[in-house]
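*Asks:* Pasting in a structure now, in structure tokens, and then I'll have a few things to ask.
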Amino acid sequence: MSKYHGFSMYIAMVKGHLRRLPTGILVCSCLLALLGVMTLYSVAGMSFDPWAKKQILRFAFSFALLLAITLVPLQTWLKYAYWIYGGMVLLLVVVFFIGHVGMGAQRWINLGFMQLQPSETMKIGLILALAKYFHGVIPEERKRFSFLMVALLLVAIPFFLVAEQPDLGTAGIIFLSSIVIFFLSGVPMWIFVTAVLLAPLIGMIGWRYALHGYQKQRVLTFLDPSRDPLGAGYHITQSKIAFGSGGLFGQGWGQGSQNRLDFIPERHTDFIFSVFAEEFGLMGTAFVLILCLILVGYGYSIALSCRNQFGRLLCLGITSLFFMHVFINLGMITGIVPVVGVPFPLMSYGGTSMLTTMIGFGLICNVAIYRRDEIRRATLGARKSFFGTG
Amino acid sequence: MILEDNRYHVFSRRAFLLGTAKLGLFGVLYGKLYRLQSHEALKYREIAEENRVNVQLIAPLRGRIVDRRGQILAQNEQQYRLMLLPEKIDKLEETIDLLSQHFSISAKEKKALLRQARRNPKFVPLVFKKKVTWQDVSKAEFLSAEISGLISEEGVFRTYPYGPDLAHILGYISPVSEAEIKAKNNDPVLKLPDAQSGKLGIEENKDAELRGDPGERQVEINAAGRIIKEISIKPPAEGKTQTLSLDLDLQRFGYERMGSETGAAVVLDVRTGEILLQVSTPSYDPNVFTSGVDQATWQQLAQNPDKPLINKPVAGLYPPASTFKTLTALALLHYNIVKPNQTFFCPGHYFFGNRQVHCWKKEGHGSVNWHDALVKSCDVYFYEMTRRMGIQNLADFARLVGLGSKTNIELSGEKSGIVPDPAWKKMAKNQVWFPGETIIAGIGQGFLLTTPLQLAVMTARLATGTNVHPTLFHQEHPRAFSPLGIHPDHLTLVRQAMSDVVNVPGGTAYAQRLMDVGFAYAGKTGTAQVRRISMAQRAAGIKNEDLPRQYRDHGMFIAFTPVDTPKYASAVIIEHGSSGSRAAAPVTKDIFLKMHELGYV
């Protein structure tokens with residue numbers, strides 16, 4: 001039976017939930033978004049057009065969505081996890097066909113007010129589905145081959161749909177974030193060890209049969225930047241110059257010469273952090289790293305204090321997803337990892353990335369609110385109330 | 001709950017591992033940021049600055065060339081060129097087609113433009129018409145209303161307002177070659193687009209001074225190479241103006257006076273060596289060379305038998321003929337071979353061994369002394385006296401007076417001429433000297449070759465007794481030339497004889513004497529054989545004027561003025577002018593009259 005009755009009760013419940021929101025996540029994400037908007041303003045030559053204004057609106061919309069997500073009980077998310085997953089896969093199939101009808105790589109659906117990239121939202125859908133799948137597992141099942149195969153199938157469908165687009169970066173992130181959930185849910189260690197040992201073989205097969213020419217090129221350029229000084233290697237070099245010329249305190253907002261003079265490629269999307277680094281220096285970049293560290297720390301503290309497996313897996317899955325975006329993007333623009341098109345969460349210009357990140361943070365907040373709920377393994381059907389804490 | 005505890009236990013343990021890994025990776029990121037932004041910041045700051053700033057050189061204006069009175073001989077003229085900005089044009093080919101309805105653009109030029117457009121970034125303008133008229137500029141302005149990206153730009157071009165009058169002295173400029181840049185110490189001015197350097201003449205000789213120093217413009221450029229803004233500018237320094245010793249009015253008069261005659265004329269100031277006039281005909285227009293001469297024009301100039309491309313005053317070699325007798329006569333006194341009043345009989349011919357040579361006057365001059373022999377230009381007298389003097393004395397004396405070596409005038413291509421003697425013949429032809437060659441050297445024929453400038457310098461030296469050195473540059477003060485070491489009395493005798501050539505009846509140039517103008521001049525005629533006259537022709541009495549032009553003799557005349565205190569010396573050569581008295585002396589006379597009009601004498 002529900003504790004609350006009527007509209008006033010509903011308001012009281014909302015208030016209660018909002019009180020339990022982890023404000024640190026909200027503050028940090030607002031700060032990241034603010035720095036992103038400031039950088040976009042600078043990239044546009046100190047102007048709100050064409051990016052900063054839109055980014056503000058998107059953030060406002062995404063922030064509202066985050067709050068809305070926290071209002072839906074965790075168990076409801078658990079209940080509809082597979083449906084959400086299914087919906088995302090369907091969207092991927094749609095772009096897959098649109099893409100083949102149109103020309104070249106098609107990665108988005110035009111919603112009118114924004115371009116939706118299903119491969120981004122798919123990440124959340126997959127984490128939800130895997131969290132639910134492993135939530136329902138008993139220790140004996142974890143070791144069964146057929147059990148693992150179903151989980152792998154859940155990963156494989158979106159992985160190949162995204163890799164076919166072809167979007168190697170996103171596919172890789174989808175793969176890695178599922179590995180994290182497999183790992184956390186207690187899949188035996190020897191399987192990971194074997195996988196690591198087999199990785200070179202799989203890598204060689206993939207190199208030969210799966211990678212597109214330009215993707216191979218990127219990996220080769222990463223290994224030896226001088227082989228393509230005017231292509232991807234040039235971009236990385238210019239990005240590193242931007243970082244370095246920023247120095248300790250930066251050249252000042254709107255003053256970065258690498259930014260103003262177009263030396264940095266993709267300045268409003270993947271390389272936005274290079275612009276930020278040039279204009280705000282090590283002080284700025286270290287500050288952003290600390291914000292990210294705080295966000296990751298929140299994820300861990302919420303996950304470790306959560307009393308249900310679904311919440312824990314969901315929370316750390318999304319936290320890891322966020323971390324991977326930060327690490328791969330920063331690694332790419334500073335030359336630690338190959339050039340793969342991964343945006344910096346909340347700072348890069350892009351609607352779907354912003355939306356996905358905030359939905360993810362919404363779900364983490366949601367877990368924070370409902371972390372004391374103990375949800376039984378597989379008796380969802382028995383629950384009678386939509387709201388409530390069983 | 002056991003299951004839940006177990007699950008939480010596994011989860012927390014693995015979350016700890018994962019969290020540690022993430023912390024480690026955060027550490028890696030921070031380490032990388034620290035390295036880039038602190039450790040290597042200075043290095044990257046420098047690279048960023050190099051990225052940002054581009055130093056562009058601004059071409060200096062080439063120095064002007066003016067005459068002794070500051071009148072402009074070579075200048076920089078503002079002219080317009082028409083260009084297209086490809087970035088503002090959608091369909092370049094159609095635009096060019098449209099333009100060709102208004103301006104002449106050949107199919108070849110169109111192809112070249114399209115090729116250039118493909119090669120260059122979109123913001124690099126395409127120049128499709130150079131040196132356009134004002135009408136074309138206003139037409140382009142009108143058209144730019146419908147053709148965006150059509151612009152006109154001011155450019156600087158070298159022009160020579162008096163074209164052929166001074167072509168050989170000024171030279172011209174043309175685009176530099178790679179080899180030239182290297183040879184000239186990689187002067188950055190030469191590396192500028194559209195850079196030109198002096199070819200021939202003063203333009204070549206004073207190229208380094210005329211070139212000037214480039215300005216520097218520091219600009220900020222973006223990744224595509226487009227200029228964003230100017231950071232600093234240092235204006236270029238214009239090349240040094242070169243003031244020549246020439247008098248433009250006199251030069252133009254001289255060129256005009258030569259008319260269709262081919263040859264050379266030189267006038268120099270004996271006190272300073274300044275060349276006031278130096279004409280070479282036929283000439284050419286150097287203005288056609290600055291914009292690139294076309295094949296047909298070039299062929300025409302190169303194949304013209306009258307050699308318009310040769311600067312005849314310094315690079316044309318002629319036998320000095322009888323003008324040389326002034327020098328021979330002076331040498332006779334100098335080496336004490338004859339006394340001035342000693343006479344010799346001229347029967348009109350002279351036997352030398354078993355051969356007979358002739359005086360120009362068939363009937364002979366009769367008994368002549370030193371003075372009469374020079375004034376009447378008696379060949380026989382000089383045959384005999386040169387024989388007595390010997391070739392070595394004559395050659396040594398000719399060299400003393402400046403023949404046989406370059407005058408080192410400030411022009412390239414100068415020839416040194418030939419003063420023959422046995423040593424020269426041994427070296428040049430590996431043959432022994434024949435005595436007969438001595439006597440024809442005495443009258444300025446045979447192997448002897450001189451440039452008109454050498455003759456003018458020789459005249460100046462005879463007129464002053466000093467080592468006059470010619471120059472094309474204006475001298476503020478008289479130069480102290482060293483004395484030649486010739487006895488003043490001998491010099492006076494020669495000058496007197498040269499005066500009598502012009503001013504006393506019987507002199508070969510008496511017809512060209514000046515009357516009632518308040519000054520007089522002295523001179524010596526010469527007629528250089530182009531072709532040996534055969535006995536048959538001599539017998540038939542065929543006159544030189546009746547021969548085809550290319551076989552006629554060269555007429556030459558050397559002179560100085562005024563007679564008493566010489567200030568100016570001259571040499572004029574009229575190719576195939578038949579004789580010095582009839583072709584070259586009148587030109588000299590008119591030049592002196594013009595100089596009188598201009599206030600020189």
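The values are calculated or read from the model by the stated rules, or taken from the named source; none is laboratory data. If you're wondering where the values come from, they're calculated on a predicted model, not measured in any experiment. Note: ideal-geometry Cβ built from the backbone for every residue, glycine included; neighbour counts use all protein chains shown.
*Asks:* Of everything in the range B:319-352, what is under 28 Å from B:G402 (Cα atoms), in contact with a Ser or Thr (Cβ under 7 Å, 6 or more places away or on another chain) and surrounded by fewer than 16 Cβ atoms within 10 Å (Cβ to Cβ)? Give them in sequence order.
*Replies:* Listed by number, the list is empty, since nothing qualifies.
*Asks:* Can I ask one more? Residues that are surrounded by fewer than 16 Cβ atoms within 10 Å (Cβ to Cβ), within 26 Å of the chain's Cα centre (by Cα) and at pLDDT below 85: list the helices (runs of 4 or more DSSP H) wholly contained in the range A:173-288 that include at least 1 such residues.
*Replies:* Answer list for the range A:173-288: A:189-209, A:213-223.
*Asks:* I need the full set of residues from the range A:300-355 which are on the phi < 0 side of the Ramachandran plot, part of a loop (DSSP other than H, G, I, E, B) and aliphatic (A, V, I, L, M), in order please.
*Replies:* Of everything in the range A:300-355, those that are on the phi < 0 side of the Ramachandran plot, part of a loop (DSSP other than H, G, I, E, B) and aliphatic (A, V, I, L, M) turn out to be A:I336, A:V337, A:V339, A:V340, A:V342, A:M347.
*Asks:* Same structure again: Which residue pairs have Cβ atoms under 8 Å apart, sit 6 or more places apart or on different chains, and have a first residue in the range A:243-255 that is more than 7 Å from chain B (Cβ to nearest Cβ) and a second that is loosely packed, with under 13 Cβ neighbours inside 10 Å and part of a loop (DSSP other than H, G, I, E, B)?
*Replies:* A:G254/A:G45; A:G254/A:M46
*Asks:* Mind checking whether some residue in the range A:329-336 is among the hydroxyl-bearing types (S, T, Y) and within 20 Å of A:L128 (Cα to Cα)?
*Replies:* Scanning the range A:329-336 turns up no residue that is among the hydroxyl-bearing types (S, T, Y) and within 20 Å of A:L128 (Cα to Cα).
*Asks:* Now for a separate question. Among the listed residues A:L71, A:L31, A:L78, identify the single one that is more than 26 Å from A:F287 (Cα to Cα), touching a residue at least 60 places away in the same chain (Cβ under 8 Å) and among the hydrophobic types (A, V, I, L, M, F, W, C).
*Replies:* The match here is A:L78.
*Asks:* Still on this structure, please answer the following. Taking the range A:256-283 on its own, how many of its residues are more than 9 Å from chain B (Cβ to nearest Cβ) and either touching a Pro at 6+ places or on another chain (Cβ under 7 Å) or closer than 14 Å to B:E49 by Cα (or both)?
*Replies:* 4
*Asks:* Quickly run through the range A:143-187 and pick out the residues that are within 14 Å of chain B (Cβ to nearest Cβ) and not hydroxyl-bearing (S, T, Y).
*Replies:* Selection gives A:K143, A:L176, A:I179, A:V180, A:I181, A:F182, A:F183, A:L184, A:G186, A:V187.
*Asks:* Filter the range A:94-142 down to the residues that are assigned to a loop (DSSP other than H, G, I, E, B) and within 14 Å of another protein chain (Cβ to nearest Cβ), then identify the one that is modelled with the lowest pLDDT.
*Replies:* A:I138
*Asks:* Mind listing whichever residues of the range B:21-32 are of a type outside the set (A, V, I, L, M) and more than 7 Å from chain A (Cβ to nearest Cβ)?
*Replies:* B:G24, B:G27, B:G31
*Asks:* Given the criteria without any contact (Cβ under 8 Å) to a residue 40 or more places away in the chain and under 18 Å from B:P60 (Cβ atoms), does B:I181 qualify?
*Replies:* So B:I181 passes the test.
*Asks:* Could you check the range A:320-345 and list, in sequence order, the residues that are of a type outside the set (F, W, Y) and without any contact (Cβ under 8 Å) to a residue 60 or more places away in the chain?
*Replies:* Selection gives A:V326, A:N329, A:L330, A:G331, A:I336.
*Asks:* Restricting attention to the range B:195-232, which residues are part of a strand (DSSP E or B), under 19 Å from B:I58 (Cβ atoms) and either in contact (Cβ under 8 Å) with a residue 24 or more places away in the chain or among the aromatic types (F, W, Y) (or both)?
*Replies:* B:Q196, B:S197, B:D213, B:G215, B:E216, B:R217, B:Q218, B:V219, B:E220, B:I221, B:I227, B:I231
*Asks:* In the range B:497-525, how many are under 36 Å from the mean Cα position of the chain (by Cα) and in a helix (DSSP H, G or I)?
*Replies:* The qualifying residues number 8.
*Asks:* Take the residues of the range A:39-53 that are touching a helix residue (DSSP H, G or I) at 6+ places or on another chain (Cβ under 8 Å) and not polar (S, T, N, Q): which is farthest from A:S348 (Cα to Cα)?
*Replies:* Once the filter is applied, the top-ranked residue is A:G45.
*Asks:* Can you confirm whether B:I72 is modelled with pLDDT of 85 or more, within 30 Å of B:G254 (Cα to Cα) and surrounded by 17 or more Cβ atoms within 10 Å (Cβ to Cβ)?
*Replies:* no
*Asks:* Can we say B:D97 is in a helix (DSSP H, G or I), more than 30 Å from A:N329 (Cα to Cα) and either more than 14 Å from every other protein chain (Cβ to nearest Cβ) or out of contact with any strand residue (DSSP E or B) (no Cβ under 9 Å at 6 or more places or on another chain) (or both)?
*Replies:* Yes.
*Asks:* Do you know which residues across the range B:5-20 are more than 7 Å from every other protein chain (Cβ to nearest Cβ) and more than 15 Å from A:G299 (Cα to Cα)?
*Replies:* Hits for the range B:5-20 are B:D5, B:Y8, B:H9, B:R13.
*Asks:* May I ask you to say which residue of B:R45, B:R35 is within 25 Å of A:R260 (Cα to Cα), in a helix (DSSP H, G or I) and more than 8 Å from every other protein chain (Cβ to nearest Cβ)?
*Replies:* Going through B:R45, B:R35 in turn, the sole match is B:R35.
*Asks:* With respect to B:I533, determine if the residue is modelled with pLDDT under 85, touching a strand residue (DSSP E or B) at 6+ places or on another chain (Cβ under 9 Å) and assigned to a loop (DSSP other than H, G, I, E, B).
*Replies:* It is true that B:I533 is modelled with pLDDT under 85, touching a strand residue (DSSP E or B) at 6+ places or on another chain (Cβ under 9 Å) and assigned to a loop (DSSP other than H, G, I, E, B).
*Asks:* Looking at the range A:1-93, what helices (runs of 4 or more DSSP H) fall wholly within it and have at least 1 residues that are under 19 Å from the mean Cα position of the chain (by Cα)?
*Replies:* By residue number, A:23-43, A:52-71.
*Asks:* B:E87 - would you say it is farther than 25 Å from B:K240 by Cβ and either within 14 Å of chain A (Cβ to nearest Cβ) or of a type in the set (S, T, N, Q) (or both)?
*Replies:* no
*Asks:* So, one more: Could you please give the count of residues in the range B:75-87 that are surrounded by 15 or more Cβ atoms within 10 Å (Cβ to Cβ) and outside any strand (DSSP E or B)?
*Replies:* Count: 2.
*Asks:* Give the residues of the range B:374-386 that are of a type in the set (A, V, I, L, M) and in contact with a strand residue (DSSP E or B) (Cβ under 7 Å, 6 or more places away or on another chain), sorted by residue number.
*Replies:* B:V380
*Asks:* Yes or no: A:V326 at pLDDT 95 or above, under 18 Å from B:V28 (Cα atoms) and either in contact with a helix residue (DSSP H, G or I) (Cβ under 7 Å, 6 or more places away or on another chain) or more than 9 Å from chain B (Cβ to nearest Cβ) (or both)?
*Replies:* yes
Listed here are the residues, each with its yes/no results for (1) part of a helix (DSSP H, G or I); (2) buried (at least 24 other Cβ atoms within 10 Å of the Cβ); (3) among the β-branched types (V, I, T); (4) touching a residue at least 24 places away in the same chain (Cβ under 8 Å).
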| position | (1), (2), (3), (4) |
| --- | --- |
| B:S412 | no, no, no, yes |
| B:K425 | yes, no, no, no |
| B:A428 | yes, no, no, no |
| B:Q431 | no, no, no, no |
| B:I440 | yes, no, yes, yes |
| B:L453 | yes, yes, no, yes |
| B:A463 | yes, yes, no, yes |
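*Asks:* Quick one: in the range A:301-321, which of the residues that are facing chain B (nearest Cβ under 7 Å) and more than 16 Å from the chain's Cα centre (by Cα) is modelled with the lowest pLDDT?
*Replies:* Here the residue is A:Q309.
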